[in-house]
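Every number in this text was worked out from the coordinates using simple rules, so none of it is lab data. These numbers were taken from a predicted model, which means no experiment stands behind them. As a convention, Cβ positions derive from the backbone with ideal geometry for all residues, glycine included, and neighbour counts pool all protein chains shown.
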Amino acid sequence: MKILILILIFAFAGCQSSKIDYNFTFFKWNMKESYYLKFNSSDTLYYISSLPLEQKNSFTILKKEDKKEIQNVLDSITFPENKILFESDVNDGTTYAFNLKREKEIQKLKVHGRFAGPKQFWIFGERLDEIIRRYQFIPTDKKIDLTEIDSMVINNVKFLEQ
């Protein structure tokens, strides 16, 4: 009986897939909106509005399908060598920034315009935008660490008092 239990324990331990831990941050900016998304292998997705008049943090619990979709993309997406890609003739437009920490490896990409950078990143950014539009986000006072991605995005402008 003890041997059967040991065999079952080893069988279940051997069948479990090795889960990759992610720390993923996404940033979107255009003339209408500016926000961050933070995802870290759990089912919680954090939304951080970065517009000056509505800075707030909130979260939602992802459905299994949406969590799996995000994880599948993060498992398969390939970051290019060049970390910042802009269209040369675009002044306004949408900027996406991606920061992925997978185990000990950090990968980053910032794209601006519509055709700069790999198309898979534009599709992923649009898909993330679609996913968050389907959820209600709950406000939270939790501080979200954006240090890794903030070095890539435009820093907040501080106005001097006169």
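The peptide list 138-147, 35-44, put in order of mean Cβ contacts within 10 Å with the highest first, becomes 35-44, 138-147.
As a calculated quantity, the FRET efficiency between I61 and K83 at R0 = 35 Å, using C-beta atoms, amounts to about 0.65.
Taking a spot 7 Å from the Cα of N72 along the direction of its beta carbon, which residues of the range 22-53 have an amide N less than 18 Å from it? Only 41-43 pass the distance filter.
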